[in-house]
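**Q** Before I ask anything, here is the structure I am working with.
The values are calculated or read from the model by the stated rules, or taken from the named source; none is laboratory data. From a predicted model like this one, the values you see are computed outputs, not experimental measurements. Here the Cβ positions follow ideal geometry from the backbone for every residue, glycine too, while neighbour counts run over all protein chains shown.
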Amino acid sequence: MQRRQFVLGAALATALVATGCAANSTADTSTDTLRYAAVGAPAAASNDPHGGLGNESDAMRFALLYDVLTVPGADGSTQPRLATSWTPDTTQTRWKLALRPDASFTDGRPVRAADVLFSLRRMQDKAAENYGRMAMFDLAASTVVDEHTLNLATRKPFAEVGKALESATFVVPEGSTDFTNPVAGSGPFRMAGGDAASAVLERSDRWWGSRPPLRRIEIRAIADPQARADAVAAGQADVAGSVNPATARESEQDGLQVVHRPAVTVYPVVMRLDRAPFDDPRVREAIKLAVDRKQLVDAVFLGQGVVGNDLLTPADPTAPAPPQRQRDLDRARQLLAEAGHSNGLDLTLRTTTAYPGMETTATLLADQLKAAGIRIRVQVEPQDTFWTQVYSQADFYVSYLGGIPFLDVARVALLSTSPTNETAWHRPDWDLGFDAALATADAAGRSAQLGRLQQQVRDEGGYLVWGAGDGLDLARPQVAGLPTGPGFQRLFIDQVRINAT
């Protein structure tokens, strides 16, 4: 361990200076302060909880500062948080939302229904930044009933309101306009110092929920996965979010703790249906058949994952179970020839290093696809610009999904009106089927319909989903209680503790 810390010193010092943390560079073994090195580009850090949430470090900080209406449970079901119940009328377009009566902001003001409605409307006003997070609601028609009750209106019959309100519905005081600095929140912590890139949070005595074991949490945005891991190895952080499998394996041998979030990391390959050659379904099918999925799982995730079957959210309770797509190079070459590419294809596959494994995915895919006559040039894009200049714009690239539910994926990427329809999946019949599923009050019937929609995307769409890997967080051995669930579950770290050595 000491030799490894010596080697990484220079790179780590650079990362800490970039995030404004050089002053706290001495190793700390405190049991009341957690130092979390989170995924995030410091230059893109924000104090606005209703914007794009491009940095995980921002979203994690917001989940500590602000209350949310509902949260995902360990089994994937929606659980109450600030909202205690959500009850529909017979049309599934009007919902009575009841709020906790004992929640208050850090400045002492009670949390009211008016604050919640203001926050939801502000999220909807910023739809261009947050991928239409509140698109399903008619908030102009929604009303405050009393201090702790709302009538929420949806634009169409929508049976999944509880899930739509999960995790990112951060509530701020009514009338908040200046987010240069964090505004008062009603979450378990309050802002005590630092800035958006390197924040110091202290436990709030006004929090209505279970008292956090920790007095202080420090969150640093560090873009590079290795730098995050190095911070823990050198004693500069207690937790590093989303490290690569090789580093996790080495660190575990050095006595650090690796926390697994099973099968939550997906690096789908995006092919745009509105651009040649991917507008030809035979080309898309050929690429899907030319891939050795197990080799990718073994190489990218070091076997810590499962083989994918081109389903975007395989762990979602509504996911179907079609026969596994197998590698078939003869059929892949035949499809390419039928599509007019008997001499193969020359393509550029874009990727980045923002998440562990994205570059390895592209490199190994390029090697595998050669066997089918598909010649790939891998282009690695800078982390700071990939999500603004490549994501949802390029025709062929490695993307990222962090275990979010199918409903969120559909809203963001699969509807004709989706703000980031990265594969150009524009199917009016699919949109109608999605609306019909969400209008179905019966949970089993709704699940079956959503499963059929996912099957159609799998069979006809522009996503190659070769596998799902474990999310790997690195921590000191004394850290306990880190979340292990998918998606936004990993943001809620208010009950993490540090045991005495």
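**Q** Scan the range 297-325 residue by residue and report those that are free of Cβ contacts under 8 Å to residues at least 24 places away in the same chain and not in a helix (DSSP H, G or I). Full working, then the answer.
**A** Residues of the range 297-325 that are free of Cβ contacts under 8 Å to residues at least 24 places away in the same chain, as a first pass: 298, 303, 321, 323-324.
Scanning the range 297-325 gives G303, A321, P323, Q324.
**Q** Which of (1) without any contact (Cβ under 8 Å) to a residue 60 or more places away in the chain; (2) surrounded by fewer than 20 Cβ atoms within 10 Å (Cβ to Cβ); (3) of a type outside the set (F, W, Y); (4) touching a helix residue (DSSP H, G or I) at 6+ places or on another chain (Cβ under 6 Å) does A140 not meet, given it meets every other one?
**A** Exception for A140: condition (4).
**Q** Considering only the range 329-413, give the strands (runs of 3 or more DSSP E) lying wholly within it that have at least 2 residues that are among the basic types (K, R).
**A** On the way: elements: 345-351, 374-380, 396-398.
The strands (runs of 3 or more DSSP E) meeting that bar are 374-380.
**Q** Can you confirm whether A263 is at positive phi and not in a loop (DSSP other than H, G, I, E, B)?
**A** Values: at positive phi: yes; not in a loop (DSSP other than H, G, I, E, B): yes.
When the stated conditions are applied, A263 passes them.
**Q** Another question, then. Can you tell me which residue is surrounded by the fewest Cβ atoms within 10 Å (Cβ to Cβ) among those in the range 89-103 that are in a strand (DSSP E or B) and either of a type in the set (V, I, T) or over 28 Å from the mean Cα position of the chain (by Cα) (or both)?
**A** Taking the range 89-103 and keeping what is in a strand (DSSP E or B), we get 94-99.
So of that shortlist, the ones also either of a type in the set (V, I, T) or over 28 Å from the mean Cα position of the chain (by Cα) (or both) come out as 94, 96.
Working: R94: 17, K96: 14.
Per the stated criteria, the residue is K96.
**Q** On the basis of being farther than 22 Å from P405 by Cα, over 25 Å from the mean Cα position of the chain (by Cα) and not polar (S, T, N, Q), does D125 make the cut? Full working, then the answer.
**A** Details: farther than 22 Å from P405 by Cα: yes; over 25 Å from the mean Cα position of the chain (by Cα): no; not polar (S, T, N, Q): yes.
Judged against the criteria, D125 is not a match.
**Q** Regarding F137, is this residue at pLDDT 95 or above, in contact with a Pro (Cβ under 6 Å, 6 or more places away or on another chain) and aromatic (F, W, Y)?
**A** Details: at pLDDT 95 or above: yes; in contact with a Pro (Cβ under 6 Å, 6 or more places away or on another chain): no; aromatic (F, W, Y): yes.
No.
**Q** Out of (1) more than 16 Å from G402 (Cβ to Cβ); (2) in the same structural domain as Q326 (by TED's automatic domain parsing), what's the single condition that is false for A475?
**A** Only one criterion is unmet by A475, namely (2).
For (1) modelled with pLDDT under 90; (2) of a type in the set (A, V, I, L, M); (3) not in a loop (DSSP other than H, G, I, E, B), each residue gets a yes or a no:
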{"residue": "L34", "(1), (2), (3)": "no, yes, yes"}
{"residue": "P49", "(1), (2), (3)": "no, no, no"}
{"residue": "G52", "(1), (2), (3)": "yes, no, no"}
{"residue": "S57", "(1), (2), (3)": "no, no, yes"}
{"residue": "L64", "(1), (2), (3)": "no, yes, yes"}
{"residue": "V68", "(1), (2), (3)": "no, yes, no"}
{"residue": "D75", "(1), (2), (3)": "yes, no, no"}
{"residue": "W86", "(1), (2), (3)": "no, no, yes"}
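**Q** Could you check, for the range 350-359, whether at least one of its residues is in contact (Cβ under 8 Å) with a residue 60 or more places away in the chain and among the hydroxyl-bearing types (S, T, Y)?
**A** Our first condition is that a residue be in contact (Cβ under 8 Å) with a residue 60 or more places away in the chain; within the range 350-359, this holds for 353-358.
From the residues that got through so far, the ones that are among the hydroxyl-bearing types (S, T, Y) too are 353, 355.
Within the range 350-359 (the criterion being in contact (Cβ under 8 Å) with a residue 60 or more places away in the chain and among the hydroxyl-bearing types (S, T, Y)), the answer is yes, since at least one residue qualifies.
**Q** What number of residues in the range 31-59 are small (G, A, S), touching a strand residue (DSSP E or B) at 6+ places or on another chain (Cβ under 7 Å) and more than 13 Å from A199 (Cα to Cα)? Working first, answer last.
**A** As a first pass, look at the range 31-59 and keep what is small (G, A, S): 37-38, 40-41, 43-46, 51-52, 54, 57, 59.
Filter again for touching a strand residue (DSSP E or B) at 6+ places or on another chain (Cβ under 7 Å), leaving 37-38, 40-41, 45, 57.
If we keep only those that are more than 13 Å from A199 (Cα to Cα) as well, we get 41.
Matching residues across the range 31-59 total 1.
**Q** When you go through I404, I374 one by one, which is the residue that is closer than 28 Å to A286 by Cβ, touching a residue at least 60 places away in the same chain (Cβ under 8 Å) and not charged (D, E, K, R)? Spell out the reasoning first.
**A** Values: I404 fails: closer than 28 Å to A286 by Cβ.
Residue meeting the stated conditions: I374.
**Q** Right, next: Which residue out of R490, R446, R452, R458 is touching a residue at least 24 places away in the same chain (Cβ under 8 Å), outside any loop (DSSP other than H, G, I, E, B) and touching an Asp or Glu at 6+ places or on another chain (Cβ under 7 Å)?
**A** Values: R490 fails: touching an Asp or Glu at 6+ places or on another chain (Cβ under 7 Å); R446 fails: touching an Asp or Glu at 6+ places or on another chain (Cβ under 7 Å); R452 fails: touching an Asp or Glu at 6+ places or on another chain (Cβ under 7 Å).
Step by step, each of R490, R446, R452, R458 is checked, and only R458 is touching a residue at least 24 places away in the same chain (Cβ under 8 Å), outside any loop (DSSP other than H, G, I, E, B) and touching an Asp or Glu at 6+ places or on another chain (Cβ under 7 Å).
Conditions (1) buried (at least 16 other Cβ atoms within 10 Å of the Cβ); (2) within 26 Å of I222 (Cβ to Cβ); (3) at pLDDT below 95, marked per residue:
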{"site": "L296", "(1), (2), (3)": "yes, no, no"}
{"site": "T313", "(1), (2), (3)": "yes, no, yes"}
{"site": "P322", "(1), (2), (3)": "no, no, no"}
{"site": "Q326", "(1), (2), (3)": "no, no, no"}
{"site": "T353", "(1), (2), (3)": "yes, yes, yes"}
{"site": "K370", "(1), (2), (3)": "no, no, no"}
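**Q** Consider the range 461-487. How many of its residues are at pLDDT 95 or above, among the charged types (D, E, K, R) and assigned to a strand (DSSP E or B)?
**A** Within the range 461-487, residues that are at pLDDT 95 or above, among the charged types (D, E, K, R) and assigned to a strand (DSSP E or B) number 1.
**Q** Here is a further query. Looking only at the range 421-428, decide whether some residue is in contact with an Asp or Glu (Cβ under 8 Å, 6 or more places away or on another chain), closer than 23 Å to P486 by Cα, in the same structural domain as F278 (by TED's automatic domain parsing) and of a type in the set (S, T, N, Q).
**A** no
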